[in-house]
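Here is the structure we will look at, set down as structure tokens.
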Amino acid sequence: MQSLWLSLPTEMKLAVIDLLEVEQAKTLAFVSHEMRKLCASNIFQNVILKNHEDLTCFLRDVPASYYPFIRRLDVCTRSAEDRSFVGTITATRTEAMTTLLSHCTHVERLLLRLEGSLAKDVIPIFTSLLSLKELSIQNCGDEDTTPISERFVVSIAASVPRLEELSLSRISRSQMHARELIGAAPFVPLVRGDEDIEDHPLLGSELSLPSLMRIPTLRKLVIRDTHLGDPRWATAPVACPLEILDLGSSYHETEEFNRLCTERIIQNVGATIDEFTLNTSFGSSEASTSVARPAQPTLKKLRKLHLTPLVPVDDVVDTLTTLGSSPIERISVQCFEYDVADVCTALQDFLALRQERADSGFYTQLHEICVTITESLDTPALGACAIPCGCSDVDAAVRLQEYCRDLLSQGIIDDADFDCKVAGDAAMDKSGFDWL
């Protein structure tokens, strides 16, 4: 049997190895020196380094000749041991990351969970990552003591030759680009001392977050827990065919401020957006704010809309109404378990409004509403329900009511909170609903 395996062409061996789990490939690698080489692509295809110590051990124990096999890399620079010298190891972390990335010539997806910024010396390495399509940079440290500058991440993102998807979390504004925030209330942490980051060949010295719109290959942008109050978002040239946009909010600012920041960004980049995730309500109120009120945005290509639990339940209907002129086909609403009843009631109100405005083209292309329940933003969904909306809104409302009853029977919501009540006949015409 072993001789038969050894006689197979290399292509057939690789095809079999591709079907193996990582642990199975590791076992097969001990068969022969040839198998060790062939299994390397499977074993090192997906590498996760959970902390700085894992990164150090990987560099020490794994020959650099195996690094080109890495396709997906998840690396964290946070130390699992001594927390007393966080601010003194930037050079060590930068050297380790530079060593690793300089040999990961075929990495396609890269997740960097950094405890504070690395030194600027790491930025040129990203110009050589020709296969990198998806990049995520998160600050896993304290924004006040170990911030990551917007200038640092924008320079990195613009340096990746074929970047298509970018995700940023807890990135700090640079004092160089946010002088209006110096001494202003509420307090927003600013990064100082990042002026030494060199001008970029594409962006020059303008390394603020809005300059991301000038990356010509970018199709997906996610920004979470980051201050989006830069007024340049309204005027930044848009050179990318952006299709997917996920905008979060800043916990340093008010809900109204975050709402208007989101609207301002959409006003500038919304023309090409196909999928949009909202973490704030949408549609300006009359509250006073320092952010200039944008014109009513039009998302002419928007087909998929996602609302996270951070969108206030009371604003769900208004938010959906604001986007009523877009050709939305699917709405997904994620909510916390204690908001389920209120969310279902809000969606019933929305379905009634859609019925009333049926002749005006209000959400005429909507096919489905999906409700997902979660305990927190970081935990898996507890349950989900897809509600078809292609034919009768009465059917959709009844389906929503049945879903509420299922949640009640499962104990996910209790009887005291259950106010999601609707009565409707699927055979009734468009004259209206009988709401209870």
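Since every read-out is calculated from the coordinates, none of them should be taken as a lab result. What you are looking at is a predicted structure, and each value in this text was computed from that prediction instead of being measured. Because the Cβ atoms are built from the backbone with ideal geometry, glycine has one as well, and the counts that use them run over all protein chains shown.
Each peptide in 309-317, 149-157 was scored by the mean count of other Cβ atoms within 10 Å over its residues; highest first, the order is 149-157, 309-317.
Taken along its three principal axes, the alpha carbon spread of segment 168-244 comes to 37, 26, 22 Å, from the longest extent down to the shortest.
Size estimate for segment 115-170 follows the Kirkwood approach: the inverse of mean 1/r over distinct Cα pairs works out to 11.7 Å. Taking the fewest neighbouring Cβ atoms within 10 Å as the starting point, the ordered list for 278, 242 is 242, 278.
Approximating the spin labels as points 7 Å out from Cα along Cα→Cβ, the residue 8-to-residue 187 distance works out to 6.3 nm. On full extension, the segment bounded by residue 92 and residue 179 gains 28.2 nm, given 0.36 nm per residue less the C-alpha separation. Between residue 48 and residue 102, the contour length at 0.36 nm per residue exceeds the Cα-Cα span by 17.7 nm. Shown for segment 152-213 is the translational diffusion coefficient from the Stokes-Einstein equation, using the Kirkwood radius over Cα pairs, a temperature of 37 °C and a viscosity of 0.692 mPa s: 258 µm²/s. Using 0.36 nm per residue and subtracting the Cα-Cα separation, the extra length available between residue 18 and residue 358 on full extension is 117.2 nm. In this structure the amide hydrogen of residue 306, modeled in the peptide plane, comes within under 5 Å of the amide hydrogens of 276, 277, 278, 332, none closer than 5 places in sequence on its chain. Scaled against 2.2 N^0.38 Å for its residue count N, the alpha carbon radius of gyration of segment 194-235 is 1.25. Measuring spread by the Cα atoms of segment 238-278 yields a radius of gyration and Dmax of 10.9, 31 Å.
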